[in-house]
1. If one computes the Cα centroid of the stretch 89-122 and of the stretch 9-67, what distance in Å separates the two points?
2. Residues in the stretch 1-23 near a label at Asn74, defined as backbone nitrogen under 20 Å from the 7 Å Cα→Cβ point?
3. How much FRET efficiency would the formula 1/(1 + (r/R0)^6) give for Ser133 and Leu168, where r is the Cβ-Cβ distance and R0 is 22 Å, rounded to 0.05?
4. For every helix of n ≥ 4 consecutive DSSP H residues, a contribution of -39,500 (n - 2.57) applies; sum these over the chain, divide by its total residues, and give [θ] at 222 nm rounded to the nearest 500 deg cm²/dmol.
5. With the radius of gyration and the Kirkwood radius both derived from the Cα set of the chain, what is their ratio Rg to Rh?
6. GNM, the chain, Cα, under 10 Å: largest mean-square fluctuation among Val79, Val116, Val107?
7. For the pairs Lys3/Lys24; Lys141/Lys164; Lys24/Lys171; Lys164/Lys208; Lys154/Lys208, note any where the Cα-Cα span goes beyond 20 Å.
8. Can you order the peptides 150-159, 169-178, 196-205 by their average number of other Cβ atoms within 10 Å per residue, highest first?
Amino acid sequence: MNKALILVVEDDAPIRNLITTTLKTHDYHYLTASRGESAIIEASSHNPDIILLDLGLPDLDGIEVIRQIRSWTNTPIIVISARSEDADKIEALDCGADDYLTKPFSVEELLARLRVTQRRLAMMQPEGTAKSSVFTNGSLKVDYAAGCAYLGEKELHLTPIEYKILCLMAKNVGRVLTHTYITQNIWGNCWDNNVASLRVFMAGLRKKLESEPNSPQYIQTHIGVGYRMMRVE
Ligand code: CA
């Protein structure tokens, strides 16, 4: 069933081999590149379904690779970064990366990230877009046209800001959104990126959305990075 083509961009041979071995055992197709320039060429000539991109490359900055690839395609990009590159990881997400893996990561984590991304891709297919004025995820329903959100049959009584945050998360389901991305989308550039305030609004939203706000099902926290709405079965 997994026939997706993955472009693996990683200059560290042992890590690259771990990734390609994992992909091979799970029926993914793959291409590899160990430098930024060749990654851009592979991406443009083979049009992969997903790109796994190491941020620390010998020739180009990984951020630059994302910028160039994003100039012509929305192919999902999952960045791979070392813990010391946390700021780069956030910049990568703000430049259009979809998700990230922090080294060292397990094979299970890698596969989980690929599944999340594939599910998101499946949702973006044309047949899914016809009814895009209503978003459903588990028992959550957002009716964009009516400006209402429901949990099962029950309407959620959200403040305007909570509703805006919920819509932003829903429209990007499966993607990790950084604090900066969210605050700029909700409040615009005049907002001074106040993460503490965002956290307060998020807590309010979760109290209404989640049956157990302390172990949220819909909105996942990425500490120091941002939030992601998960697909709920
Ligand atoms: Ca590297």
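1. 13
2. Output list for this probe position: 4-7.
3. Efficiency for this residue pair is about 0.85.
4. Numbers: 9 runs with 99 residues, N = 233.
It comes out at -13000 deg cm²/dmol, rounded to the nearest 500.
5. That ratio is 0.98, to two decimals.
6. For the chain, modelled as a Gaussian network with Cα springs under 10 Å, the answer is Val107.
7. With Cα atoms farther than 20 Å apart: Lys24/Lys171.
8. Details: 150-159: 12.8, 169-178: 20.7, 196-205: 15.6.
Most protected by this proxy first, the peptides run 169-178, 196-205, 150-159.
The values are calculated or read from the model by the stated rules, or taken from the named source; none is laboratory data. As the structure is a prediction and not an experimental result, all values here were calculated from the model. Here Cβ is always computed from backbone atoms with ideal geometry, including for glycine, and neighbour counts include all displayed protein chains. Surface areas here come from the heavy atoms of the whole protein model, side chains and all, with no ligands, DNA or RNA. Shrake-Rupley method; radii C 1.70, N 1.55, O 1.52, S 1.80 Å.
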